[in-house]
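J.: I'd like to ask you about the structure that follows.
The values are calculated or read from the model by the stated rules, or taken from the named source; none is laboratory data. Not measured: the values here are computed from a predicted model. We place every Cβ from the backbone using ideal geometry, glycine too, and count neighbours over all the protein chains shown. All accessible areas refer to the heavy atoms of the entire protein, side chains included, with ligands and DNA or RNA removed. Shrake-Rupley method; radii C 1.70, N 1.55, O 1.52, S 1.80 Å.
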Amino acid sequence: DFYLGGDGINVVNGNGGFAINNTKQNAWTEYIVNFTQTGKYSCEVTASSEVDGSKVAVGLLQSDGSVKTLTTITLPKTGSKDVYQAKTGIIRNAIKEKGIQKLRFTVTSGNCNIDKVELICTNPDTGINDIMSDDASDAPAYNLMGVPVDASYRGIVIKNGKKVVVK
């Protein structure tokens, strides 16, 4: 689901479904997103543009109504409104809260069609900040719950107070 805002956005049939069409500068859409995982994300936008320099800013709506820009994606000139190409932008700040949030996509330089937007968690928060390679020492090993494990155990263990991956 999305909300259209500003002047200069139409919804049309395109690219096998619906697309946002003939956008103008400062037109925007809002999406309600349920973040099930915190961490670092990228944003992939599938779009078409007949001109150079079309851009979309991806922002997170704040409780005070302001928008915190997460990334700006320069869309490729595809030569036709009917030729779509995916372009990825890296979200600069990690998503720190799980749950429902609103994202706003603002066309900062116009005249593009937007077909699909996909958020991809590229580096999830796991609660583990440091993992070391296999440790060959004879120190006792413990699983992450603190239970002693033997040499046949595979996974993340704690040896000598450090997290170690045993393959």
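J.: Might you check whether a residue that is open to solvent by less than 50 Å² (accessible area, probe 1.4 Å), part of a loop (DSSP other than H, G, I, E, B), modelled with pLDDT under 90 and touching a strand residue (DSSP E or B) at 6+ places or on another chain (Cβ under 9 Å) occurs anywhere in the stretch 120-128?
T.: Yes, the conditions are met somewhere in the stretch 120-128.
J.: So in the stretch 16-44, with the set limited to residues that are open to solvent by 30 Å² or more (accessible area, probe 1.4 Å) and in contact with a Ser or Thr (Cβ under 8 Å, 6 or more places away or on another chain), which one is farthest from G99 (Cα to Cα)?
T.: Within the stretch 16-44, the match that is farthest from G99 (Cα to Cα) is Q25.
J.: If you scan the stretch 136-163, which residues turn out to be of a type in the set (A, V, I, L, M, F, W, C) and open to solvent by less than 80 Å² (accessible area, probe 1.4 Å)? Even if it seems obvious, please write down each step before you answer.
T.: Of all residues in the stretch 136-163, those of a type in the set (A, V, I, L, M, F, W, C) come to 136, 139, 141, 144-145, 147, 149, 151, 156-158.
Correct list: A139, A141, V147, V149, I156, V157, I158.
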